[in-house]
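All of the numbers you see were taken from the coordinates with simple rules; none came from a lab. Only a predicted model underlies this, so the values are computations on that prediction, with no experimental measurement involved. Quick reminder, even Gly has a Cβ in these numbers, built from the backbone with ideal geometry, and neighbours come from all protein chains shown.
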Amino acid sequence: MKRMITRAGLIRAGVFFALLIIVPILGGPVWLLNLLIFTVMYAALSSSWNLLGGLAGYPSLGHVAFFGIGAYAFALTFSGSVGDGYSPFLVLPVIGIAVGLLSLPIGWVSMRTRADVFAIVTITFLFITQTLAFNLTKITGGAQGASVAAPPFDPATYDWPFYYAMIVLLAIAMGISFYFSRSKIGLSLSTVRADEDKAHGVGVRVTAVKLIAFAVSAGMVAMVGGVWAYYIGFIYPQFAVDPLITIGMVLMAFLGGRGTLWGPVLGSFILVPAQQFFAQSFGASQLYLLAYAAVFLVIMLFLPRGILPSISDRLRRRRAAALGAARDAEAHTADAVTPEEVKA
Amino acid sequence: MVEISPGELLLELSGVTAGYGAGLILKGVNLTATRGEIICLIGPNGAGKSTVLKTVSGLLQPQSGTVTFAGEDISRMSSRDRLARGIVHVPQDRSLFPAMTVWENVMMGAFILKDQALVRRRLDEVAALFPIVAKRRSSAAGSLSGGEQKQVELARSLMLDPALILLDEPSIGLDPRSRTSVFASISTLANDGRTVLLVEQNARSGLAVAHQAAVLEAGVVALTGTGEALLTDPEVARLYLGASAAGPAETLAKVV
């Protein structure tokens, strides 16, 4: 019921991030770190998407537009020189805040709709952004692409800064998600997700809280896009604003469990390696997408609410059966809940 | 919250017109309520009873006219600001969050409050008045029966210790026993000098608990009086009570 800072939760997060951090230090094949960079990137994207799509119940399909805007903002800022290579990372918060502010009018317009209509409005925004990236050739270079200056990193540890930057962004996204879920913002978002009219009725600032979720989510995604552009070095409209990236972050959140803290992370750590594996097995053909879709369909068939909620439901039911319903009810009565503690 | 001495004018609607889109539903409503009263609003479907409540709670802004609450013009105020002034609306549709527990739902009634100690104190008071809140506290609100849900909604409306409670057809869709307990609860709500503005299709029961009553007809107040007076008015009985003032038994006898 409660989402407090528990020892188990701290240990889980500590172990997870410690493992991520030591992987490059332990060494290992080059492909592993490369795979991890994209896995952590998707975990950060999916966790950021989850702030809006999961917690507020607004399933945006246009989030890759903010990813692309962040990528281009970064590329255009650092097309000439990146100095020592580390200082560009410090510009990311500026990009995040700027894109967050830019997203406000888009959020305000699109969130006048809900559910399927909202998904369509946001996907329209995605294609508008992609078209602009292709056609504003003076700014973006159009189909010719845009490049970022190469950082003077040591070739042996070239990938490390990007990897750690992705980890930091993932930690921030999860930190925000955790903060939301135990604050009044999270409670507001969960009432918005349930029913906006009812939320209005109890005095929730519906529009404001929706816009906060939208802007924070968009700003986070833009920062991830900036790191991505830096890592890739050369960006094209069809890859920076790629519908597959949008689909990726949505699928991973759905797979792991929408609206949960760890669901998007779990989803990413399953789907990204699976996608890479299939891409390798089926070669350059797009056939791997079929296998990718098949994995998703099978899991959705057996765990329709996503892995984490389905498992925790099953555990709870089993535990309840073991303890007996009566004692379970008693245990529930024992913990009082304040608005802050109500699970989002 | 607003401090008002008993018997003082709390709410005044003056020449309120309002509607949705093109047509006007309210065509100049004048209505007053003093503190500590239960006012029952009756009238045919479409007369604008629910719309009156919405203009008071802020879900709908009047197109002209003023709504005055405790001496302050609140006509253009947001519903959140009106909540903060102690105006709580219990809508006709089920307004609980079905996935949240009863306890959490009641707590949501105090969403705009910051003082958690105050919220806990209120919660205890409300649970004492409405036993269902303590009894079913951990149940999902959606698993309760319609009558139980209405009790929880009424309990929740007290969490802000409001000066004015707007009740829209609280007995709709309930079995006779639940209906009886809802009307008993309405009297509970009106304790401590609270004002209740009640819209009730079940006019006989509504008028019976009301101190004052008004008949709304095609967007204007056609008649006002005490609840008792309207209950015994033969014209009101013929038009809105579905029977003569003498009661349903006699009517039934006539029909048979």
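Structure notes:
- Over the residues of chain A, the helix contribution to mean residue ellipticity at 222 nm works out to -24500 deg cm²/dmol, using -39500 (n - 2.57) for each DSSP H run of at least 4.
- Neighbouring Cβ atoms from other chains, within 10 Å of the Cβ of residues in B:108-120, number 3 on average.
- Amide H contacts of B:ALA222 (H built 1.01 Å from N, in plane; Pro and chain starts excluded): B:VAL215, B:LEU216, B:GLU217 sit under 5 Å, all sequence-distant by 5 or more or on other chains.
- Long-range amide H partners of B:ILE38 with built H, under 5 Å: B:VAL196, B:HIS211, B:GLN212
- Theoretical FRET efficiency, 1/(1+(r/R0)^6), r = Cβ-Cβ of B:ASP161 and A:LEU287, R0 51 Å, to 0.05: 0.20
- Zero-based 10 Å bins, Cα pair distances in the protein assembly as shown, whole percents: 3, 15, 22, 20, 15, 13, 8, 4, 1, 0, 0
- Across all Cα atoms of the range B:64-117, the radius of gyration (one decimal) and Dmax (whole number) stand at 14.1, 41 Å.
- In degrees, nearest ten, helix A:288-302 long axis to first principal axis of chain A (Cα): 10 degrees
- Tail weight of P(r) past 16 Å, computed on alpha-carbon pairs of the range A:37-132, percent: 62 percent
- Neighbouring Cβ atoms from other chains, within 10 Å of the Cβ of residues in A:184-191, number 2 on average.
- In the structure shown, the pairs A:LYS184/B:LYS150; B:LYS49/B:LYS150; A:LYS210/B:LYS49; A:LYS210/B:LYS135 are assessed against 30 Å; a Cα-Cα span above that value is assigned to A:LYS210/B:LYS49; A:LYS210/B:LYS135.
- Nearest-ten-degree value, helix A:7-26 long axis tilted from longest Cα axis of chain A: 20 degrees
- Chain A, relative contact order in percent, only Cα pairs under 8 angstrom and at least six apart counted: 32 percent
- Mean-position separation - Cα centroids, the range B:45-84 and the range B:172-224, in angstrom: 19 Å
- The radius of gyration of the Cα set in the range A:7-341, together with its Dmax, comes out at 20.7, 70 angstrom.
- Computed from phi, the 3J(HN,Hα) profile of the range B:111-120 under the Karplus parametrisation 6.51, -1.76, 1.60 (θ = phi - 60°) reads 3, 7, 7, 9, 7, 5, 5, 5, 4, 4 Hz, with x in place of Gly and Pro.
- Using the Cβ-Cβ distance between A:VAL94 and A:ILE139 with R0 = 22 Å, the FRET efficiency computed as 1/(1 + (r/R0)^6) comes to roughly 0.75.
- Nearest 10 degrees, 0 to 90: helix A:325-334 Cα axis against chain A principal axis: 70 degrees
- Solvent-free Debye scattering, log10 I(q)/I(0), computed from the Cα coordinates of the range B:93-161 at q = 0.17 Å⁻¹: -0.50
- Contact order, relative form, for chain B: 24 percent (alpha carbon pairs under 8 Å, 6 or more residues apart, mean separation divided by residue count).
- Estimated Rh, the range A:124-186: Kirkwood, alpha-carbon pairs, angstrom: 15.5 Å
- For the range A:69-114, projected area of the alpha-carbon convex hull averaged over all directions, nm²: 3.6 nm²
- Sequence-distant residues sharing a close amide H with B:LEU10 (under 5 Å, placed H): B:ALA33, B:THR34, B:ARG35
- Across all directions, the average flat footprint of the convex hull enclosing the Cα atoms of the range B:29-169 is 9.1 nm².
- With 5 Å bins beginning at zero, the pair-distance distribution over Cα atoms of chain B amounts to 1, 6, 13, 17, 19, 17, 12, 8, 4, 1, 0, 0, 0 %.
- Mean Cα-pair separation over length for the range B:93-161, i.e. relative contact order, pairs under 8 Å, 6 or more apart, %: 51 percent
- Set against the 2.2 N^0.38 Å expectation for a compact globular protein, the range B:27-88 has a Cα radius of gyration ratio of 1.11.
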